[in-house]
Amino acid sequence: MRDKIIRLLAGELSRHEEVLACFEGGSAAFGRADEYSDIDYQIVVRDDFAEQAAAIVEQALRRCAPIVDKYILPQPAWHGQWQCHYRLEGVSPYLLVDVLIMKESSPTYFSEPELHGDSIVHFDKTGRVGREHVDLTEQADIIRKRLERADNLCRMMHLLADKEIGRKRHVDAFELYYNLYLRTLVELLRIKYDRARWSFGPRYLSHDLPPEIYDQIRDLPYVCGPEDLLPKKDRVLHLMSELLAELKSEKGTTIDAKEAGGKAKSSPQQHTAR
């Protein structure tokens, strides 16, 4: 069914000259699509054709199966484009169809290989799909500030969760552990091992980190109770301190913007929720 949906969408959309490109992103672009994967379908259209393109998409999907549910992201969406998730009758509930319709004038088509993998292009009249790139030099100042923040967290803010445990405010302590300490550790790991996607958070870490590094941290999100939280927080802070020392000492890291390197063009958004 996955292939049938993709073929029908590409076939219907290719008949319209106002539709400039159709391609797949998501897990398919990384060669990781499986029985749990949805379809991340991205479309580029003339600036005044987004509404018509959405109607064409729905017509094509109905040729596969009835649409039993859909959710259009409230406009304006965070990325400035039209996006909708569809669920089809008789199709695996995992196989949602996630359609993103972008205007030709959009500053990014979310096709930077460093961020989104190798897009599976069905047709592209723009010549832009897969040829956009992240400019790592533009990220250097942002990353330097993130490193300073992490350093301050290790030096001065390391007892915030301890205070909440002492007050028996365990939910507050967990929120601090996960959203402050653990997410900062993940950010530092990405800066070291997956710099272009430094802001992607914990998703896809099993793919984006070296296996031996991922094995060191994969138990950290699982906190059994208040007595388990502080020892794990201490492990997180220890790993953060080690990473900060490495990142500050490595030649050519993002700490030095002039030595950061990078590609020709960057996207204004660090990441997409797709």
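The values are calculated or read from the model by the stated rules, or taken from the named source; none is laboratory data. If you're wondering where the values come from, they're calculated on a predicted model, not measured in any experiment. Neighbour counts are summed over all protein chains in view; Cβ atoms, including those assigned to glycine, are modelled from backbone coordinates with ideal geometry. Note: accessible area is taken over every heavy atom of the protein model, side chains too, but ligands, DNA and RNA are not part of it. Shrake-Rupley method; radii C 1.70, N 1.55, O 1.52, S 1.80 Å.
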Is there any pair linking a residue in the stretch 218-244 that is in a loop (DSSP other than H, G, I, E, B) to one that is basic (Lys, Arg) and open to solvent by 50 Å² or more (accessible area, probe 1.4 Å), with Cβ under 7 Å and at least six apart or on different chains, and which?
Leu220/Arg235
Please determine whether any residue of the stretch 180-192 is more than 24 Å from His116 (Cα to Cα), out of contact with any Cys (no Cβ under 7 Å at 6 or more places or on another chain) and open to solvent by 20 Å² or more (accessible area, probe 1.4 Å).
yes
Cβ-Cβ under 9 Å, sequence separation 6+ or interchain: first residue in the stretch 63-85 and closer than 18 Å to Gln52 by Cβ, partner part of a loop (DSSP other than H, G, I, E, B) and among the hydrophobic types (A, V, I, L, M, F, W, C). Which pairs?
Gln81/Leu73; Gln81/Phe110; Trp82/Leu73; Gln83/Leu73; Gln83/Ala77; Cys84/Leu73
Can you find a residue in the stretch 133-144 that is at pLDDT below 95, of a type in the set (Lys, Arg) and either surrounded by 15 or more Cβ atoms within 10 Å (Cβ to Cβ) or assigned to a strand (DSSP E or B) (or both)?
yes
Any residue at all in the stretch 168-175 that's more than 30 Å from Val44 (Cα to Cα), assigned to a loop (DSSP other than H, G, I, E, B) and not aromatic (Phe, Trp, Tyr)?
yes
Determine which member of the set Gly117, Gly130 is out of contact with any strand residue (DSSP E or B) (no Cβ under 7 Å at 6 or more places or on another chain) and crowded, with 18+ Cβ neighbours inside 10 Å.
Gly117
Could you check, for the stretch 214-228, whether at least one of its residues is under 30 Å from Glu132 (Cα atoms), open to solvent by 50 Å² or more (accessible area, probe 1.4 Å) and modelled with pLDDT under 95?
no
Take the stretch 152-179 and flag every residue that is open to solvent by less than 40 Å² (accessible area, probe 1.4 Å) and without any contact (Cβ under 8 Å) to a residue 60 or more places away in the chain.
Glu164, Ala173, Leu176, Tyr177
Hey, can you tell me all the residues within the stretch 183-209 that are assigned to a helix (DSSP H, G or I) and farther than 19 Å from Ser241 by Cα?
Ala196, Arg197, Leu205, Ser206, His207, Asp208
Only unsatisfied item for Arg203, checking (1) surrounded by 15 or more Cβ atoms within 10 Å (Cβ to Cβ); (2) within 21 Å of Phe30 (Cα to Cα), is (1)
Got a number for residues in the stretch 29-78 being assigned to a helix (DSSP H, G or I) and open to solvent by 70 Å² or more (accessible area, probe 1.4 Å)?
5
Can you confirm whether Ala10 is of a type outside the set (Val, Ile, Thr), under 20 Å from Thr126 (Cα atoms) and outside any strand (DSSP E or B)?
yes
